[in-house]
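Report on the structure given below.
The values are calculated or read from the model by the stated rules, or taken from the named source; none is laboratory data. It should be emphasised that the depicted structure is a prediction, and the values quoted were computed from it without experimental measurement. For neighbour counting, all protein chains shown are included, and Cβ atoms are generated from backbone atoms with ideal geometry for every residue, glycine included.
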Amino acid sequence: MSTPTINVPDVPYLDISDPSFAMQSEALRSAREQSWYARTNFGLAVLRYDEVSKLLKSPQLIQGSAKWPAHNGVHGGLFYDWWTKNLLVLEGEDHHRIRRLLNPAFSPRLIKELVPRFQELANELVDAFIEAGECEFVRDFAEPYATRVLTILLGIPESEWPKIARLASTVGLALGVTFKQDLDKVEAAVAELYEYAEELIKDRQADPGEDFVSRLVLANRDGDRLSDEELRNALVLLIFGGMDTTRNQLGLAMQSFMRNPEQWELLARRPDLGGKAVEEVMRTNPTVTWVTREAVEDFTYQGLFIEKGTTVHLFTQSSGTDPRAFPDPGMDLLGEHAPHYGFGGGVHHCLGHFVARADMSEALPLLARRLADPHLAGGDEWLPDSGNTGPVRLPIAFTKRA
Amino acid sequence: MNTIDVDRSLCDNHGQCAIAAPAVFRMNAEGILEYEATVEDALLDEVEEAIDVCPVQAIFLKN
Ligand code: HEM
Ligand code: HEM
Ligand code: SF4
């Protein structure tokens, strides 16, 4: 965290910690028209597509999230140790070494093999509520789907999913404004996830197979391998980074399609558009509303002096609907659009994106094929727009199609 | 000889290839990809890995 160092009078200002701060608002759109960046109460916000694209990959910016615990007055403990040593916040060769060792397990070819299991799972979940004509979409689909996909990937018994979901969400409290109050709960959850991960690792080391965790255990590059601690940290990061994100993104997808019913009908007729559906939802309604970076040195970008230590928030939805890059920014499964940054970009580009893309691009057309006319049934609750957003509760009603 | 072709209309300069196969791909000071157009067999494993990890699947190899 750093105090804003920029003081240019005709640049827009955004209070990003105001609970009512809205990404998809007139205020933000007019700020984006006025300037490519805004000042905020926590550093800068970058609003336009080209600038987000360039700064995301700029060698002058590093992962800004390393300082998150310290920013919240947390300077030690299990969470702190894990956070400050995980792939997401490591930089340079420390980061690249771990990433090289993790990469092979995430090969798109290997992930394709899991697709039939994703379809089976989605159908099983829909079967459970289809006759009722209504469901609580987060509880009945998004959360179990996102979590069980992770258990399938990691080879954890699927029956364990409620526990894993609870632990991951508890660790997620560390990213919220009440981090300091929740610290004891967070520490206990990290400890429990560590135990899970350690058991998995021991098990696969004793009896390696063809599965994902075995591949990580056996990963080897020019004689280098992951230590047990590195493996454990990575597994916990996958659980933590893969579950709430996918759950929230699926909830947001349902919201997007309820707002664009003709696109839902199109998807129901054209399941081959599942991949495009994921891209369009993430471009126009991303769960990760900004990616945080920090300037490692003083530099000037487009005439703006950015001082070393400045926090820079790269806004995803704002860049993904910037009329300069998307003249017709609305959701359109048949449109040809530039790539979005809902999975971040540059060296920290989401490691799990092939998994997330594969599972969501199966889930969405399958839902469209089975549920006609989904609409809000009342009682929905939402996370704030800062950081990671999405529905906490999303009751919907629909007509059974299949 | 093995020829590498990066489709520049797809490449978004994420630099994941340069992490996976630093002997073949690198990012210049402006953050733009530079790469060897031909590689020896000894580097093929690395190149395959770069092909796999490219987020936009922009790398193609011809043997
Ligand atoms: C829709 C679902 C997902 C979304 C929206 C998402 C989004 C992101 C974003 C924006 C980043 C970059 C963060 C930054 O640069 O500060 C990231 C990184 C990461 N994600 Fe995902 N993610 C998703 C699913 C997954 C899944 C399923 C996994 C694992 C199986 C995963 C594992 C990771 C890891 C390990 C990183 C850190 C990569 C690095 O720093 O090198 N993510 N994700
Ligand atoms: C130094 C790095 C970071 C800074 C300066 C920062 C800043 C902020 C700010 C200003 C807010 C608004 C709430 C408030 O504190 O008043 C916020 C909320 C949030 N941030 Fe960050 N953030 C950072 C890193 C991260 C990272 C790495 C993540 C997740 C990957 C994250 C996830 C969130 C979430 C989920 C919220 C919403 C919390 C809530 O409202 O309950 N942040 N952050
Ligand atoms: S990983 Fe792909 S997108 Fe990134 S620089 Fe290499 S070729 Fe370009």
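Could you check A:HIS313 against (1) in contact (Cβ under 8 Å) with a residue 40 or more places away in the chain; (2) within 16 Å of ligand 2 (Cβ to nearest atom); (3) over 19 Å from A:THR40 (Cβ atoms) and say which number it fails?
The single condition A:HIS313 does not satisfy is (3).
So which residues in the stretch A:346-402 are touching a residue at least 24 places away in the same chain (Cβ under 8 Å), surrounded by fewer than 17 Cβ atoms within 10 Å (Cβ to Cβ) and of a type in the set (Asp, Glu), if there are any at all?
A:ASP373
Kindly list the number of the only condition in (1) within 30 Å of A:VAL46 (Cβ to Cβ); (2) within 16 Å of ligand 1 (Cβ to nearest atom); (3) of a type in the set (A, V, I, L, M, F, W, C) that fails for A:VAL392.
Of the numbered conditions (1) within 30 Å of A:VAL46 (Cβ to Cβ); (2) within 16 Å of ligand 1 (Cβ to nearest atom); (3) of a type in the set (A, V, I, L, M, F, W, C), the odd one out for A:VAL392 is (2).
Please find, within the stretch B:24-36, the residue that is nearest to the other protein chains (Cβ to nearest Cβ) out of those that are at pLDDT 95 or above and over 27 Å from A:GLU279 (Cβ atoms).
B:ARG26
Among the residues of the stretch B:7-52, which ones are within 16 Å of ligand 1 (Cβ to nearest atom), touching a strand residue (DSSP E or B) at 6+ places or on another chain (Cβ under 8 Å) and touching a residue at least 40 places away in the same chain (Cβ under 8 Å)?
B:CYS17
Just give me the residues in the stretch A:81-123 being assigned to a loop (DSSP other than H, G, I, E, B), in contact with a helix residue (DSSP H, G or I) (Cβ under 6 Å, 6 or more places away or on another chain) and away from ligand 3 (no atom under 16 Å from the Cβ), in sequence order.
A:ASN86, A:LEU87, A:VAL89 - these are the residues of the stretch A:81-123 that are assigned to a loop (DSSP other than H, G, I, E, B), in contact with a helix residue (DSSP H, G or I) (Cβ under 6 Å, 6 or more places away or on another chain) and away from ligand 3 (no atom under 16 Å from the Cβ).
Per-residue answers, yes or no, for (1) at negative phi; (2) of a type outside the set (Val, Ile, Thr); (3) within 16 Å of ligand 2 (Cβ to nearest atom):
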{"residue": "A:ASP244", "(1), (2), (3)": "yes, yes, yes"}
{"residue": "A:ARG247", "(1), (2), (3)": "yes, yes, yes"}
{"residue": "A:LEU252", "(1), (2), (3)": "yes, yes, yes"}
{"residue": "A:GLU265", "(1), (2), (3)": "yes, yes, no"}
{"residue": "A:GLY275", "(1), (2), (3)": "yes, yes, no"}
{"residue": "A:VAL278", "(1), (2), (3)": "yes, no, no"}
{"residue": "A:VAL281", "(1), (2), (3)": "yes, no, no"}
{"residue": "A:TRP290", "(1), (2), (3)": "yes, yes, yes"}
{"residue": "A:GLU294", "(1), (2), (3)": "yes, yes, yes"}
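Would you mind finding the one in A:GLU307, A:GLU362 that is away from ligand 1 (no atom under 16 Å from the Cβ) and either within 30 Å of A:LEU238 (Cα to Cα) or acidic (Asp, Glu) (or both)? Show your work before the answer.
Values: A:GLU362 fails: away from ligand 1 (no atom under 16 Å from the Cβ).
The match here is A:GLU307.
Which residues, counting only those in the stretch A:353-402, are within 16 Å of ligand 3 (Cβ to nearest atom) and in contact with a helix residue (DSSP H, G or I) (Cβ under 8 Å, 6 or more places away or on another chain)?
Scanning the stretch A:353-402 gives A:PHE354, A:ARG357.
Quick one: count up the residues across the stretch A:371-387 that are part of a loop (DSSP other than H, G, I, E, B), in contact with a Ser or Thr (Cβ under 9 Å, 6 or more places away or on another chain) and not hydrophobic (A, V, I, L, M, F, W, C).
Total meeting the criteria: 4.
Go through (1) within 14 Å of chain B (Cβ to nearest Cβ); (2) out of contact with any Asp or Glu (no Cβ under 7 Å at 6 or more places or on another chain); (3) within 12 Å of ligand 2 (Cβ to nearest atom) one by one and return the number of the condition A:ASP50 breaks.
For A:ASP50, the exception is condition (3).
Kindly establish whether B:CYS17 is more than 10 Å from chain A (Cβ to nearest Cβ), over 9 Å from the mean Cα position of the chain (by Cα) and within 8 Å of ligand 3 (Cβ to nearest atom).
Details: more than 10 Å from chain A (Cβ to nearest Cβ): yes; over 9 Å from the mean Cα position of the chain (by Cα): no; within 8 Å of ligand 3 (Cβ to nearest atom): yes.
So B:CYS17 fails the test.
Looking at (1) at pLDDT below 95; (2) under 29 Å from A:GLN63 (Cβ atoms), which one does A:GLU143 not meet, given that it meets all the others?
(1)
Is there a residue being at pLDDT 95 or above, surrounded by fewer than 24 Cβ atoms within 10 Å (Cβ to Cβ) and under 20 Å from the mean Cα position of the chain (by Cα) anywhere in the stretch A:301-310?
Checking the stretch A:301-310: not a single residue is at pLDDT 95 or above, surrounded by fewer than 24 Cβ atoms within 10 Å (Cβ to Cβ) and under 20 Å from the mean Cα position of the chain (by Cα).
With respect to B:PRO55, determine if the residue is surrounded by fewer than 17 Cβ atoms within 10 Å (Cβ to Cβ) and within 16 Å of ligand 1 (Cβ to nearest atom).
In short, no.
Please state which of the following conditions A:PRO286 fails to meet, knowing it meets all the rest: (1) surrounded by fewer than 16 Cβ atoms within 10 Å (Cβ to Cβ); (2) closer than 19 Å to A:SER65 by Cβ; (3) without any contact (Cβ under 8 Å) to a residue 60 or more places away in the chain.
(1)
Given the residues A:LEU351, A:LEU394, A:LEU367, which is the only one that is under 12 Å from the mean Cα position of the chain (by Cα) and either modelled with pLDDT of 95 or more or away from ligand 2 (no atom under 16 Å from the Cβ) (or both)?
On inspection, the qualifying residue turns out to be A:LEU351.
Restricting to the stretch A:331-340, name every residue that is away from chain B (no Cβ under 13 Å) and either in contact with a Ser or Thr (Cβ under 7 Å, 6 or more places away or on another chain) or in contact (Cβ under 8 Å) with a residue 60 or more places away in the chain (or both).
Once the filter is applied, which keeps residues that are away from chain B (no Cβ under 13 Å) and either in contact with a Ser or Thr (Cβ under 7 Å, 6 or more places away or on another chain) or in contact (Cβ under 8 Å) with a residue 60 or more places away in the chain (or both), the stretch A:331-340 yields A:MET331, A:ASP332, A:LEU333, A:LEU334.
Only one of (1) away from chain B (no Cβ under 14 Å); (2) touching a helix residue (DSSP H, G or I) at 6+ places or on another chain (Cβ under 7 Å) is not met by A:PHE343, so which one is it?
Among (1) away from chain B (no Cβ under 14 Å); (2) touching a helix residue (DSSP H, G or I) at 6+ places or on another chain (Cβ under 7 Å), A:PHE343 violates only (1).
Kindly indicate whether A:ASP322 is away from chain B (no Cβ under 14 Å), within 16 Å of ligand 2 (Cβ to nearest atom), surrounded by 15 or more Cβ atoms within 10 Å (Cβ to Cβ) and farther than 28 Å from A:GLU124 by Cα. Give the derivation first.
Values: away from chain B (no Cβ under 14 Å): yes; within 16 Å of ligand 2 (Cβ to nearest atom): no; surrounded by 15 or more Cβ atoms within 10 Å (Cβ to Cβ): yes; farther than 28 Å from A:GLU124 by Cα: yes.
No, not satisfied.
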